[in-house]
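S.K.: Sharing a structure with you now.
The values are calculated or read from the model by the stated rules, or taken from the named source; none is laboratory data. Everything numeric in this text was worked out from a predicted model, so none of it was measured. Glycine gets a Cβ as well: all are built from the backbone with ideal geometry, and neighbour counts include every protein chain shown. Heads up: the accessible areas ignore ligands, DNA and RNA and are worked out on the full protein's heavy atoms, side chains in. Shrake-Rupley method; radii C 1.70, N 1.55, O 1.52, S 1.80 Å.
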Amino acid sequence: MAQAPIQFDRASGVLEGANLWERTAALALATGSKISSHFSHRGYNGCANLLRKTLPERNIAIKLNEDAVFEFPYGDGYWSKLLNRSYNYEDELEVLFRDSTDVDYTLIDCGANYGYWSVLVSSRPYGSHKAIAIEPSSQNFAKLANNSRVNDGRIELMKCAIGSARGTARLSGTKHEAFSIAGSANSGGEEVPVIALDNLIDDGKVSASGKFLIKLDVEGVEIEAIKGGARLLATDSVVLCEEHGNDPAHTVSRFILEKTPLKLLVYDPSTRQLETVTELSILDRIKVSSHVGYNVFGTASAFWQNRIDALNANAARRMQ
(Lines give C-alpha, C1' and ligand atoms only; values in the text may rest on other atoms or scores of the structure.)
Protein backbone atom coordinates (compact mmCIF):
# COMPACT_ATOMS: atom_id res chain seq x y z
CA MET A 1 0.00 0.00 0.00
CA ALA A 2 1.38 3.42 -0.99
CA GLN A 3 2.42 5.78 1.77
CA ALA A 4 0.30 8.85 2.37
CA PRO A 5 1.74 11.94 0.67
CA ILE A 6 4.04 14.35 2.47
CA GLN A 7 2.19 17.64 3.01
CA PHE A 8 3.70 21.07 2.31
CA ASP A 9 1.90 24.39 2.71
CA ARG A 10 3.47 27.08 0.51
CA ALA A 11 1.82 29.88 2.49
CA SER A 12 3.15 28.85 5.91
CA GLY A 13 6.15 26.71 4.93
CA VAL A 14 4.95 23.89 7.18
CA LEU A 15 6.09 20.39 6.12
CA GLU A 16 4.22 17.43 7.62
CA GLY A 17 4.43 13.66 7.35
CA ALA A 18 8.12 13.52 6.39
CA ASN A 19 10.85 11.55 8.14
CA LEU A 20 14.23 13.09 9.00
CA TRP A 21 15.85 12.24 5.65
CA GLU A 22 12.83 13.50 3.72
CA ARG A 23 12.95 16.76 5.71
CA THR A 24 16.65 17.10 4.95
CA ALA A 25 15.92 16.51 1.27
CA ALA A 26 13.19 19.18 1.33
CA LEU A 27 15.70 21.69 2.69
CA ALA A 28 18.21 20.71 0.00
CA LEU A 29 15.59 20.96 -2.76
CA ALA A 30 14.41 24.40 -1.61
CA THR A 31 17.94 25.72 -1.11
CA GLY A 32 19.04 24.37 -4.48
CA SER A 33 16.16 26.21 -6.13
CA LYS A 34 17.05 29.47 -4.41
CA ILE A 35 20.70 29.23 -5.45
CA SER A 36 20.08 28.05 -9.02
CA SER A 37 17.36 30.69 -9.57
CA HIS A 38 20.22 33.15 -10.15
CA PHE A 39 21.05 31.28 -13.37
CA SER A 40 17.52 30.26 -14.45
CA HIS A 41 17.67 26.96 -12.50
CA ARG A 42 20.23 25.50 -14.88
CA GLY A 43 21.24 22.04 -13.60
CA TYR A 44 18.56 21.97 -10.89
CA ASN A 45 16.35 19.31 -12.47
CA GLY A 46 19.21 16.85 -12.91
CA CYS A 47 20.50 17.30 -9.36
CA ALA A 48 17.01 16.95 -7.89
CA ASN A 49 16.34 13.79 -9.87
CA LEU A 50 19.59 12.29 -8.55
CA LEU A 51 18.50 13.09 -5.00
CA ARG A 52 15.12 11.55 -5.73
CA LYS A 53 16.78 8.15 -6.22
CA THR A 54 17.69 8.16 -2.51
CA LEU A 55 14.12 8.87 -1.39
CA PRO A 56 11.23 6.48 -0.80
CA GLU A 57 8.69 6.41 -3.61
CA ARG A 58 5.85 8.58 -2.39
CA ASN A 59 4.04 11.74 -3.37
CA ILE A 60 4.25 15.21 -1.92
CA ALA A 61 1.05 17.25 -1.81
CA ILE A 62 1.75 20.96 -2.17
CA LYS A 63 -0.99 23.24 -0.84
CA LEU A 64 -0.89 26.05 -3.41
CA ASN A 65 -3.71 27.97 -1.76
CA GLU A 66 -6.69 27.21 0.50
CA ASP A 67 -8.54 25.53 -2.39
CA ALA A 68 -5.72 23.98 -4.45
CA VAL A 69 -3.54 20.92 -3.82
CA PHE A 70 -0.95 19.74 -6.33
CA GLU A 71 0.60 16.28 -5.95
CA PHE A 72 3.70 14.88 -7.65
CA PRO A 73 6.37 12.26 -6.85
CA TYR A 74 8.60 13.54 -4.07
CA GLY A 75 11.94 14.72 -5.42
CA ASP A 76 10.71 15.30 -8.97
CA GLY A 77 13.24 17.67 -10.55
CA TYR A 78 10.76 19.73 -12.53
CA TRP A 79 8.20 20.38 -9.78
CA SER A 80 10.31 20.35 -6.59
CA LYS A 81 11.13 24.05 -7.12
CA LEU A 82 7.73 24.64 -5.52
CA LEU A 83 9.36 23.81 -2.16
CA ASN A 84 11.12 27.15 -2.56
CA ARG A 85 8.38 29.52 -1.41
CA SER A 86 9.90 32.45 -3.31
CA TYR A 87 9.75 30.55 -6.63
CA ASN A 88 7.01 31.54 -9.06
CA TYR A 89 6.17 29.13 -11.86
CA GLU A 90 5.60 30.83 -15.24
CA ASP A 91 5.20 34.40 -13.99
CA GLU A 92 3.77 35.62 -17.27
CA LEU A 93 0.82 33.21 -17.09
CA GLU A 94 0.24 34.03 -13.44
CA VAL A 95 -0.15 37.71 -14.36
CA LEU A 96 -3.00 37.03 -16.80
CA PHE A 97 -4.74 34.36 -14.72
CA ARG A 98 -4.67 36.55 -11.60
CA ASP A 99 -6.11 39.47 -13.53
CA SER A 100 -8.92 37.37 -15.02
CA THR A 101 -10.56 35.95 -11.90
CA ASP A 102 -13.79 37.88 -12.61
CA VAL A 103 -14.05 36.77 -16.27
CA ASP A 104 -16.30 33.83 -17.14
CA TYR A 105 -13.75 31.89 -19.20
CA THR A 106 -12.71 28.26 -19.68
CA LEU A 107 -9.07 27.20 -19.43
CA ILE A 108 -8.07 24.77 -22.18
CA ASP A 109 -4.86 23.30 -20.78
CA CYS A 110 -3.06 21.59 -23.68
CA GLY A 111 -0.05 19.56 -22.61
CA ALA A 112 -1.35 19.73 -19.05
CA ASN A 113 1.36 17.47 -17.59
CA TYR A 114 0.26 16.88 -13.97
CA GLY A 115 -2.29 19.70 -14.11
CA TYR A 116 -0.67 22.57 -12.21
CA TRP A 117 -2.52 25.36 -14.00
CA SER A 118 -5.79 23.43 -14.17
CA VAL A 119 -5.66 22.93 -10.41
CA LEU A 120 -4.93 26.62 -9.76
CA VAL A 121 -7.32 28.19 -12.27
CA SER A 122 -10.21 26.01 -11.05
CA SER A 123 -9.58 27.07 -7.43
CA ARG A 124 -11.62 29.77 -5.67
CA PRO A 125 -8.82 32.40 -5.42
CA TYR A 126 -8.44 32.22 -9.22
CA GLY A 127 -12.17 32.40 -9.92
CA SER A 128 -13.24 28.72 -9.87
CA HIS A 129 -13.06 28.50 -13.66
CA LYS A 130 -13.86 25.46 -15.74
CA ALA A 131 -10.63 23.70 -16.74
CA ILE A 132 -10.24 21.16 -19.53
CA ALA A 133 -6.88 19.42 -19.10
CA ILE A 134 -5.55 17.65 -22.20
CA GLU A 135 -2.58 15.30 -21.79
CA PRO A 136 -1.51 12.45 -24.13
CA SER A 137 0.99 10.56 -21.94
CA SER A 138 -0.41 7.61 -19.97
CA GLN A 139 2.29 8.18 -17.34
CA ASN A 140 1.42 11.85 -16.93
CA PHE A 141 -2.32 11.32 -17.31
CA ALA A 142 -2.43 9.08 -14.23
CA LYS A 143 -0.88 11.87 -12.16
CA LEU A 144 -3.16 14.46 -13.76
CA ALA A 145 -6.21 12.33 -12.91
CA ASN A 146 -4.97 12.04 -9.33
CA ASN A 147 -4.71 15.83 -9.08
CA SER A 148 -8.27 16.17 -10.32
CA ARG A 149 -9.36 13.59 -7.72
CA VAL A 150 -7.66 15.32 -4.77
CA ASN A 151 -9.32 18.58 -5.87
CA ASP A 152 -12.85 17.14 -5.81
CA GLY A 153 -12.80 15.95 -9.43
CA ARG A 154 -13.34 19.48 -10.70
CA ILE A 155 -11.05 19.20 -13.77
CA GLU A 156 -12.37 17.80 -17.04
CA LEU A 157 -9.79 15.36 -18.43
CA MET A 158 -8.97 14.37 -22.01
CA LYS A 159 -6.26 11.86 -22.89
CA CYS A 160 -4.99 12.93 -26.30
CA ALA A 161 -2.45 15.12 -28.05
CA ILE A 162 -3.16 18.37 -29.88
CA GLY A 163 -2.21 18.69 -33.54
CA SER A 164 -3.46 20.12 -36.82
CA ALA A 165 -6.13 17.42 -37.40
CA ARG A 166 -7.60 14.22 -35.97
CA GLY A 167 -5.44 11.15 -36.15
CA THR A 168 -2.84 9.23 -34.17
CA ALA A 169 0.81 9.88 -33.41
CA ARG A 170 3.76 8.46 -31.52
CA LEU A 171 4.62 10.19 -28.27
CA SER A 172 8.27 10.00 -27.24
CA GLY A 173 10.75 11.52 -24.84
CA THR A 174 12.55 10.78 -21.58
CA LYS A 175 11.40 13.73 -19.44
CA HIS A 176 7.76 13.88 -18.36
CA GLU A 177 7.72 17.66 -18.94
CA ALA A 178 8.98 17.28 -22.51
CA PHE A 179 7.07 14.38 -24.11
CA SER A 180 6.32 15.25 -27.74
CA ILE A 181 4.62 13.97 -30.88
CA ALA A 182 7.02 16.03 -33.03
CA GLY A 183 8.77 13.64 -35.40
CA SER A 184 6.13 11.03 -34.61
CA ALA A 185 6.90 9.04 -37.75
CA ASN A 186 9.75 7.52 -35.76
CA SER A 187 9.15 4.06 -34.34
CA GLY A 188 8.84 3.53 -30.61
CA GLY A 189 7.04 5.55 -28.02
CA GLU A 190 3.39 5.44 -27.07
CA GLU A 191 0.69 5.66 -29.71
CA VAL A 192 -1.78 8.40 -28.78
CA PRO A 193 -4.90 9.89 -30.35
CA VAL A 194 -4.60 13.41 -31.76
CA ILE A 195 -7.29 16.06 -32.09
CA ALA A 196 -7.31 19.62 -33.38
CA LEU A 197 -8.38 22.54 -31.18
CA ASP A 198 -11.36 23.13 -33.46
CA ASN A 199 -12.54 19.57 -32.77
CA LEU A 200 -13.39 20.76 -29.25
CA ILE A 201 -16.11 22.87 -30.88
CA ASP A 202 -17.15 20.05 -33.24
CA ASP A 203 -17.45 17.58 -30.35
CA GLY A 204 -19.45 19.94 -28.13
CA LYS A 205 -16.68 20.28 -25.52
CA VAL A 206 -16.76 24.08 -25.83
CA SER A 207 -19.01 26.66 -27.43
CA ALA A 208 -17.82 28.96 -30.21
CA SER A 209 -19.44 31.81 -28.29
CA GLY A 210 -17.40 31.32 -25.10
CA LYS A 211 -14.34 33.00 -23.65
CA PHE A 212 -11.15 30.97 -23.46
CA LEU A 213 -7.57 31.04 -22.25
CA ILE A 214 -5.75 28.32 -24.19
CA LYS A 215 -2.43 27.17 -22.74
CA LEU A 216 -0.47 25.53 -25.52
CA ASP A 217 2.53 23.64 -24.12
CA VAL A 218 2.86 20.98 -26.80
CA GLU A 219 6.62 20.61 -27.22
CA GLY A 220 7.36 21.42 -30.83
CA VAL A 221 3.86 21.10 -32.29
CA GLU A 222 2.72 24.65 -31.50
CA ILE A 223 2.38 25.77 -35.11
CA GLU A 224 0.39 22.67 -36.12
CA ALA A 225 -1.87 23.22 -33.10
CA ILE A 226 -2.50 26.84 -34.06
CA LYS A 227 -3.29 25.79 -37.64
CA GLY A 228 -5.88 23.35 -36.28
CA GLY A 229 -7.54 25.97 -34.10
CA ALA A 230 -8.53 28.75 -36.51
CA ARG A 231 -12.19 28.78 -35.44
CA LEU A 232 -11.45 28.56 -31.73
CA LEU A 233 -8.80 31.27 -31.93
CA ALA A 234 -11.31 33.54 -33.72
CA THR A 235 -13.49 33.52 -30.58
CA ASP A 236 -12.88 35.59 -27.44
CA SER A 237 -9.72 33.65 -26.74
CA VAL A 238 -6.05 34.10 -25.93
CA VAL A 239 -3.53 31.43 -26.84
CA LEU A 240 -0.68 31.19 -24.31
CA CYS A 241 2.04 29.58 -26.34
CA GLU A 242 5.51 28.38 -25.42
CA GLU A 243 8.40 30.02 -27.26
CA HIS A 244 11.59 28.03 -26.76
CA GLY A 245 14.63 29.80 -25.37
CA ASN A 246 16.94 27.74 -27.59
CA ASP A 247 15.26 29.04 -30.78
CA PRO A 248 16.97 32.29 -31.85
CA ALA A 249 14.68 32.45 -34.91
CA HIS A 250 11.60 32.76 -32.65
CA THR A 251 9.78 30.34 -34.96
CA VAL A 252 6.45 30.17 -33.11
CA SER A 253 6.21 33.92 -32.61
CA ARG A 254 7.19 34.54 -36.24
CA PHE A 255 4.38 32.25 -37.39
CA ILE A 256 1.81 34.01 -35.17
CA LEU A 257 2.98 37.45 -36.28
CA GLU A 258 3.29 36.75 -39.99
CA LYS A 259 0.81 33.94 -40.74
CA THR A 260 -2.19 34.48 -38.43
CA PRO A 261 -4.64 37.32 -37.70
CA LEU A 262 -3.64 37.21 -34.02
CA LYS A 263 -2.01 40.13 -32.27
CA LEU A 264 1.20 38.94 -30.61
CA LEU A 265 2.16 39.98 -27.07
CA VAL A 266 4.96 39.04 -24.70
CA TYR A 267 5.44 39.69 -21.00
CA ASP A 268 8.32 42.07 -20.38
CA PRO A 269 9.65 41.63 -16.82
CA SER A 270 11.28 45.08 -16.93
CA THR A 271 7.91 46.83 -17.33
CA ARG A 272 5.72 44.06 -15.86
CA GLN A 273 3.42 44.53 -18.83
CA LEU A 274 2.24 42.49 -21.79
CA GLU A 275 3.96 44.31 -24.62
CA THR A 276 2.69 44.19 -28.21
CA VAL A 277 5.26 42.57 -30.48
CA THR A 278 5.70 44.35 -33.80
CA GLU A 279 9.33 43.33 -34.28
CA LEU A 280 10.72 40.00 -33.10
CA SER A 281 13.88 41.68 -31.82
CA ILE A 282 12.13 42.31 -28.49
CA LEU A 283 12.35 38.54 -27.90
CA ASP A 284 16.14 38.65 -28.18
CA ARG A 285 16.13 40.73 -25.00
CA ILE A 286 13.49 38.72 -23.13
CA LYS A 287 14.65 35.17 -24.00
CA VAL A 288 17.84 35.24 -21.94
CA SER A 289 18.16 31.50 -21.14
CA SER A 290 18.48 28.89 -23.86
CA HIS A 291 17.17 26.05 -21.68
CA VAL A 292 13.99 27.84 -20.57
CA GLY A 293 10.58 28.16 -22.25
CA TYR A 294 8.96 31.56 -22.56
CA ASN A 295 5.26 32.17 -23.13
CA VAL A 296 3.93 34.50 -25.80
CA PHE A 297 0.29 35.48 -26.15
CA GLY A 298 -1.84 35.66 -29.30
CA THR A 299 -5.34 37.09 -29.51
CA ALA A 300 -7.78 38.43 -32.07
CA SER A 301 -10.32 39.32 -29.36
CA ALA A 302 -11.25 42.94 -28.64
CA PHE A 303 -12.53 41.82 -25.23
CA TRP A 304 -9.19 40.32 -24.18
CA GLN A 305 -7.21 43.16 -25.71
CA ASN A 306 -9.19 45.63 -23.59
CA ARG A 307 -8.51 43.50 -20.51
CA ILE A 308 -4.80 43.42 -21.30
CA ASP A 309 -4.74 47.20 -21.87
CA ALA A 310 -6.29 47.69 -18.43
CA LEU A 311 -3.84 45.22 -16.88
CA ASN A 312 -0.94 47.15 -18.41
CA ALA A 313 -2.31 50.48 -17.18
CA ASN A 314 -2.53 49.12 -13.64
CA ALA A 315 1.02 47.76 -13.86
CA ALA A 316 2.29 51.13 -15.12
CA ARG A 317 0.67 52.93 -12.17
CA ARG A 318 2.28 50.49 -9.71
CA MET A 319 5.71 51.14 -11.29
CA GLN A 320 5.41 54.91 -10.79
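S.K.: Hey, if you put +1 on the Cβ of every Lys and Arg and -1 on every Asp and Glu Cβ in the chain, which of VAL103, LEU50, CYS241 ends up farthest toward the positive end of that dipole?
M.R.: Sorting the options by dipole projection puts first LEU50.
S.K.: Of VAL194, ALA25, VAL288, which is farthest on the positive side of the dipole of the chain, counting Cα position, with +1 on Lys and Arg Cβ, -1 on Asp and Glu Cβ, and the Cα centre as origin?
M.R.: Among VAL194, ALA25, VAL288, the one farthest towards the positive end of the dipole of the chain is ALA25.
S.K.: Of the listed peptides 31-38, 196-203, what is their order by residue-averaged count of other C-beta atoms within 10 Å, with the highest listed first?
M.R.: 196-203, 31-38
S.K.: Another question, then. Charges at C-beta only: +1 for Lys and Arg, -1 for Asp and Glu. How large is the resulting dipole of the chain about its Cα centre, in Debye rounded to 20?
M.R.: About 520 debye.
S.K.: Which is farthest toward the positive dipole end of the chain among LEU64, ILE226, ALA161, measuring Cα position about the Cα centre, with Cβ charges +1 (Lys, Arg) and -1 (Asp, Glu)?
M.R.: LEU64
S.K.: Which ³J(HN,Hα) values in Hz, rounded to whole numbers, follow from the phi angles of the range 26-42 under the Karplus curve 6.51 cos²θ - 1.76 cosθ + 1.60, where θ = phi - 60° and Gly and Pro get x?
M.R.: Once θ is set to phi - 60°, the couplings for the range 26-42 become 4, 5, 5, 5, 5, 5, x, 5, 4, 5, 6, 4, 6, 10, 6, 6, 4 Hz.
S.K.: Using only the alpha-carbon atoms, how far is helix 138-150 inclined from the longest principal axis of the chain? Give it as 0 to 90 degrees, nearest 10.
M.R.: Once rounded, one gets 80 degrees.
S.K.: With respect to the cross-link table entries LYS227/LYS287; LYS175/LYS287; LYS53/LYS81; LYS159/LYS215, which display a Cα-Cα separation exceeding 20 Å?
M.R.: In this structure, LYS227/LYS287; LYS175/LYS287 exceed 20 Å between Cα atoms.
S.K.: Can you tell me the 0 to 90 degree angle between the C-alpha axis of helix 302-319 and the longest principal axis of the chain, rounded to 10?
M.R.: In the chain, helix 302-319 runs at an angle near 60 degrees to the longest axis.
S.K.: Which percent of the accessible area of the range 89-157 is formed by carbon and sulfur heavy atoms (probe 1.4 angstrom)?
M.R.: Within the range 89-157, the accessible surface is 43 percent carbon and sulfur.
S.K.: Counting heavy atoms of the protein chains only and a 1.4 Å probe, report the per residue accessible area for the chain as a whole number of Å².
M.R.: 45 Å²
S.K.: Next question. Just tell me which aspartates and glutamates come within less than 12 Å, Cα to Cα, of LYS143; anything on the same chain fewer than 8 places away is out.
M.R.: Those aspartates and glutamates meeting the cut-off are GLU71, GLU135.
S.K.: Would you mind calculating the relative contact order of the chain from Cα pairs under 8 angstrom and at least 6 residues apart, reporting the percent as a whole number?
M.R.: Here the relative contact order equals 12 percent.
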